[in-house]
Each structure stands twice: as structure tokens, then as C-alpha cells.
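Since the structure comes first, as C-alpha cells, the remarks are kept for the end.
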């Protein structure tokens, strides 16, 4: 049953935040979360040294414990961005194969340690980094096997989107990976996955998971699909970093690679931001589902700041409409409603029919997001014009010129047989980016205040880009009420001892 999702409009007050963090395994010292180590690896006794030695002998990959010289460089290397998350696992295991995964899970279970997993590391909140316990790094599991006739890819969790689509492209196939090619397939899919050409290719990328191989909290290997071990299969399709098992292999439905991907781009003055959102709302219901419509607020390009035609504002609006089709004539036909919409008459720059590849789409989406200090938050909404009004009021006060809001049309979608269940015709995200650690607080607060004001327009949230550091108590709003309850039930059933960490910031 569908429900209207309501969320809190205020961030967690400090006393409540303190209690919450203490339950989650840390204590607050100003803005610093100090680790509460649960395993004496920094100053080990004989028994713990033997236990660690057994783990090292059991795995082909590397094991590094807290307190050793290489620990901090390795921990920092787990993080794709420059912001330093002050959370410290007791032990980090870099798996080389599936048996290493089994050994790490059994080690954690036998030693009453919690475990969390990392694949590509592209988490805005560093959700895989926890205080205490084991961090299992799956980034070296990078096998890709393709069944061309069956249009299926069998993919290990360390594979990134760029590699997967490069391999698929060689045989005329494609998959709706993340829009940035460096994002790992695993975490992206497990949290739902707002992918390339998503409306036409499954609605949400996790819907293209046909089966998985996994390791349970008992350290047992299982295969799960709609026909066997269905509870694990259901949870893998969208439960994200709240899973109670580790996926070691994905069996993915793939699609024919379109032969004439074509992008139309329109640059509009910042003053047209709300009008652009209204145009997307008007166009969306009748647009061909093979078109991906994306509105972005970007800094005014330096080379285009001429003659004051941008209104001397530091931002402009960019509409990107990409048709995933097989001919240029077909692209022109289905893009025509966008081309002739009245708001496009105000465009300052038009690139009407750029021949595009998936690699070019990756590049388009990666250039606005260089490696930096970063945070993100989001809502799904059916009230995009009102949400955009809120955004238009906040953008002038953005402390960083690189803070980049995105509005993605996705339509009315259904999500059968999956934990993923957030509704809303539009995805509305704010990507805050800045260069220096001294500006962390200012940008965090700007993003928090923006999304506090956006809460009344939210119909749900996307767990992969949800600000789990600021809003941990709202995590349930990333799911329908029924799916959230089912997920908690399955966690109690299949991981009663709490071997796997739950969502960041939530008590286990």
C-alpha cells in the first residue's frame, strides 16, 4: 500500500544527537566523534593476537588493525572525497575473493564484532566507516561476465559503472549505472540506483537485479532470486547500507545499447529557474520515456560572462535532455516537445542535437563534481515548482559557488518485489561541494537549512544520497512504512545477533 511520507523539519538537537551517537558506538567531543573500540587490537593480549593471526592466515587479502602504522593512510584511502570522517574500525579486511568474505564475516561473528562493507567507497556520508568492528573492503572483487544472448551481466561488487558499460558496449549492450562512471555498481544498486535512462530501463536500477550471490550473517554462501531465498533478494533490491548480509555477485538484466544517443542542452538565466521547473512538470507526463530530462543549477561559465546577458548572476540553469534511441531522426522527433516549449525561447545558449556516448554522459556528470569536500541531501517530490521556489531563495546565500542542485524527472513508477519504495515524480538533490576543511560547517548548515525548508514538499527520500549524518532519525522516510517494517523484521530474523551494522547513526 502506498503512503504519504512525512518527515521532520528540524535537525536533531544536540542532547538527542549526543545520546544517539553514544548508542551508535561513539561519544561526542565538540564536533568530533571519538571511537569506542570494541576489540583490543591497538594493544592486543595473547588471545586477541592469536585470533588476528588466524584471520590473517584465513584470507588471501590484506588485514590491518587499528594502531598500526599503515592504518590511517589505508582508512583515508577508503574515502573518495576529501572530507575526513572521524570513525575508526578496529580492523579492515581487503578481500581478494568470496572465501575471504566468508572468513571476515565468521571472524566478526565469533569475536562479537560488528561488520560493515565497502565496495567503491562513493558514499557521501562515508556510511561504511564505523567506530569499532570490522570494515570489509570488496573493491578488489572485479569480475565481469557477460551472457550476450541472455542479455545478462554477472558482476562482482568492486566493479565501477564505467568499466561495466565499457565491457557491455563491446557486445552492443548497456546497463543503467550511476550517472558518474566512477561510482561502484554494488552500493549504487543496493540503495536503489537512479541510473542512466532510468525511466525506460527498469524504472530504478535495482529492478534489474535478477539474482544475487551473498554471504549471510552466519557466514554461509547463498544464491537468492525471486524463486529462492526470496527475503534476501527483496532486501538486496533497495535496502542500501541497512543490509544484514553481504552481496558478492550480481546477476543483472542488460539492454540493447542505443545506436544514436542524442543530447539537447539549453542554458537559461538563473531568473528562469522556477519557470524551468514548471516546464519539466508540464512536459514530463507526455514525454517519451526514453528521454532523460535533467535540470541543473551551475556556476555561470567564465567564458560566457559577456555583455551582462546572464543578468550578472553567479549561476545559470542548464536543461539536459538525452534521447536513448537508434536514429537521429527518431531523436529529433521525440525531443521536439522540449525544443518548442515556450521557456526554451529564453535560452541563452542551445546545443540542440549533440551525438552522445555513455562515456560522454559520464564526463558531463563528473565535471561538475570534482573531488572535494562534499555533502548531499535530497527529496522526491510531486510539487517541484514549490520546491524550486525554496531553492531559488537559498542559492544566493550558498557559501560555495560549486554547490550544485539537480532536478531529475522520473515519472510515476512502481517497484515490485523490492525494498526500494520511495515515490515522487521528481528527484530533487542538493550537492554541496567546497575546497577547504575550514568551510565544512558553513556548507553543512547551508545544506541542512535548505532541506529543512524542503521537507514539507517531500514524498520520500533516496537512501544513497540522504544526509545520514544530519538526519539519521529520518532514515525510515526513505522507505514506505510497510517496507521499513518488513526490513526491520528481516533483520531480526536473519541477523538476530546484529553481526552487520545497520544504517549510519541508528542504534543497532
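How much FRET efficiency would the formula 1/(1 + (r/R0)^6) give for residue 271 and residue 493, where r is the Cβ-Cβ distance and R0 is 56 Å, rounded to 0.05?
0.55
With respect to the chain, whose longest principal axis is taken over its alpha-carbon atoms, helix 98-110 is tilted by about 60°.
Within region 262-472, the percentage of alpha carbon pairs spaced more than 21 angstrom apart rounds to 55%.
Using a Förster distance of 60 Å, how high is the FRET efficiency between residue 329 and residue 57, based on the Cβ-Cβ distance and rounded to 0.05? So, using R0 = 60 Å, E works out to roughly 0.40. Length available on full extension from residue 359 to residue 210: 0.36 nm per residue minus the Cα-Cα distance, which gives 51.1 nm.
Could you tell me the calculated FRET efficiency between residue 259 and residue 313, based on Cβ-Cβ distance and R0 = 51 angstrom, to the nearest 0.05? Before the final figure, lay out the partial values.
Details: r = 39 Å, r/R0 = 0.77.
That gives a FRET efficiency of 0.85.
Using the Kirkwood radius over Cα pairs, work out the Stokes-Einstein diffusion coefficient for region 429-505 at 37 °C and 0.692 mPa s, in µm²/s as a whole number. D, rounded to a whole number, is 226 µm²/s.
How would you rank 473-486, 375-388, highest first, on the average number of other Cβ atoms within 10 Å across their residues? Display every interim value, and only then the final one.
Values: 473-486: 19.8, 375-388: 22.5.
The most tightly packed comes first, giving 375-388, 473-486.
Taking the longest Cα principal axis of the chain as reference, the axis of helix 440-454 is set at about 60 degrees. Taking the C-alpha atoms only, the angle from helix 14-24 to the longest principal axis of the chain is near 50 degrees.
Be a star and scan region 233-276 for residues whose amide nitrogen sits under 17 Å from the point 7 Å along the Cα-to-Cβ vector of residue 170. Only 257 fall inside the zone, counting backbone N under 17 Å.
Could you compute Rg(Cα) / (2.2 N^0.38 Å) for the chain, with N its residue count? Mind showing how you got there, number by number?
Working: Rg = 22.7 Å, N = 508, 2.2 N^0.38 = 23.5 Å.
This ratio for the chain stands at 0.97.
Placing a pseudo-label 7 Å from each Cα along the Cα-to-Cβ vector at residue 366 and residue 144 gives an inter-label distance of 1.3 nm. Approximating the spin labels as points 7 Å out from Cα along Cα→Cβ, the residue 438-to-residue 412 distance works out to 5.3 nm.
Only Cα pairs under 8 Å and 6+ residues apart enter the sum, and on that basis the relative contact order of the chain stands at 17 percent.
Where a number appears in this text, it was derived from the coordinates with a stated rule and is not lab data. What you see is a predicted model; the values in this text were computed from it and never measured. Methodologically, a virtual Cβ is constructed for each residue, glycine included, from the backbone with ideal geometry; neighbour enumeration extends over all protein chains shown.
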